[in-house]
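Chemist: After the structure tokens below, expect a handful of questions from me.
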Amino acid sequence: MAKITVLGECMVELSPEGEGLHRMGFAGDTFNTAVYLARLGDEVAYCTALGKGDPFSEGALAAMRREGLDTALVREAENRLPGLYAIVLDENGERKFHYWRERAPIRDLFSQHTADQMIAAAKASDLVYLSGVTLAVIGDIGRARLKDILAYVHSLGVAVALDFNYRPALWASPEAAREALDGVVPSCRYVSLSSEDSRPLYGREAEDLAAEWAAPGTGFGAEVVARDESHAVNVHTPEGRIATPAPTRVKALDTTGAGDSFNAAYLSSRLAGLPVATAVSRGHDLAAAVVTCKGAIIPKASMPVWPRG
């Protein structure tokens with residue numbers, strides 16, 4: 001069992017149920033990953049900011065606790081409400097999101113008090129996990145503080161994992177996003193990105209960047225998961241490139257949370273000492289289960305079961 005601190009935003013999710021109806025739940029890219037990490041047996045603390053006393057913030061806290069997440073790092077802000085998003089699906093289950101989060105409390109997450117708590121928690125962790133969305137929503141001051149925190153815990157030997165998850169609408173420009181992400185990548189042991197992330201930010205394919213960042217000496221020595229449109233995954237490590245086959249296609253009802261769940265299974269497997277190929281296979285298994293259900297968080301009964309070891 002690994003001890004993991006996850007940073008990001010838990011939002012109110014409206015998932016379509018047909019005939020103009022929506023089901024309310026709680027989700028968000030890193031929150032989804034945190035839930036799946038906990039379900040896979042890891043000890044997970046979630047660092048976020050919510051409102052205080054309103055039914056939506058209380059509902060989010062209750063959802064975290066039901067999933068076994070440590071909520072000691074949840075900051076509560078008076079007179080604020082958590083962000084909200086609605087999912088719109090096409091006929092192939094591909095999703096489009098609509099957000100309401102301009103005054104969400106996550107934007108003020110890294111006050112000095114929260115930063116001090118975060119440092120203490122991160123130092124005691126095996127892994128700190130965040131995404132490009134985390135960086136986008138915490139603002140300039142938060143990004144500067146978080147960059148320093150990650151560099152510090154990296155220097156202590158704590159692993160840092162970053163999922164690029166580039167969302168153009170959250171950034172002032174691609175250049176602003178690239179600057180923020182470039183500030184964090186050198187502190188990372190694990191990086192996940194797709195060509196959908198890398199092309200608008202760097203004008204390059206994910207494979208090219210992965211090879212560069214993983215290279216010992218000239219790169220950062222990271223383990224980089226590179227994904228393409230076929231959902232094939234190739235992993236670059238300081239020891240070389242590990243190619244894995246594209247997953248078996250399944251009929252998707254809703255692709256929300258697919259990448260988040262893949263990351264959870266991959267990282268949980270790697271932290272348990274399993275080889276890259278096994279970690280990728282388990283990532284695909286969990287993602288396949290997620291896309292055949294509606295919403296980002298699937299019923300526990302739908303979770304895949306793997307042999308021990």
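Each reported figure results from applying straightforward, stated rules to the coordinates on display, with no laboratory input. Just so we're clear, the structure is a prediction, and the values are computed from it rather than from any experiment. Methodologically, a virtual Cβ is constructed for each residue, glycine included, from the backbone with ideal geometry; neighbour enumeration extends over all protein chains shown.
Chemist: Across the stretch 89-95, in residue order, what do the Karplus-derived ³J(HN,Hα) couplings come to in whole Hz, using 6.51 cos²θ - 1.76 cosθ + 1.60 with θ = phi - 60° and x for Gly and Pro?
Modeler: Whole-Hz 3J(HN,Hα) from phi for the stretch 89-95: 10, 8, 5, 9, x, 6, 10.
Chemist: Based on Cβ point charges of +1 for Lys and Arg and -1 for Asp and Glu, what charge dipole magnitude is obtained for the chain about its Cα centre, in debye rounded to the nearest 20?
Modeler: Using Cβ point charges on Lys, Arg, Asp and Glu, the chain gives about 540 debye.
Chemist: If you don't mind, another one. Please list, or write none, the lysines whose alpha carbon is within less than 24 Å of the alpha carbon of Lys251, excluding same-chain residues fewer than 8 places away.
Modeler: Within reach: Lys96, Lys294, Lys300.
Chemist: Positive end of the dipole of the stretch 212-270, charges at C-beta (+1 Lys, Arg; -1 Asp, Glu), about the Cα centre: which of Ile242, Ala232, Leu253 has its Cα farthest in that direction?
Modeler: The residue sitting most towards the positive pole is Leu253.
Chemist: Among (1) 20.9, 80; (2) 20.8, 63; (3) 18.0, 57, which one is Rg and Dmax of the Cα atoms in Å computed from these coordinates?
Modeler: (3)
Chemist: With θ set to phi - 60° and the Karplus curve 6.51 cos²θ - 1.76 cosθ + 1.60, what are the ³J(HN,Hα) couplings of the stretch 164-180 in order, to the nearest whole Hz, using x for Gly and Pro?
Modeler: Whole-Hz 3J(HN,Hα) from phi for the stretch 164-180: 4, 6, 6, 10, x, 5, 8, 10, 5, 6, x, 5, 5, 5, 4, 4, 5.
Chemist: Also: Reachable lysines from Lys123, Cα under 22 Å, same-chain residues fewer than 8 places away excluded?
Modeler: Lys3, Lys147
Chemist: Also, I was wondering about something else. By average Cβ neighbour count within 10 Å, what is the ranking of 156-162, 138-144 from highest down?
Modeler: Going by the mean number of other Cβ atoms within 10 Å, highest first, we get 156-162, 138-144.
Chemist: Mind listing the phi-derived Karplus ³J(HN,Hα) values for the stretch 153-159, rounded to whole Hz, using 6.51, -1.76 and 1.60 with θ = phi - 60°, and x for any glycine or proline?
Modeler: Ordered by residue, 3J(HN,Hα) equals 5, 4, 5, 8, x, 6, 6 Hz.
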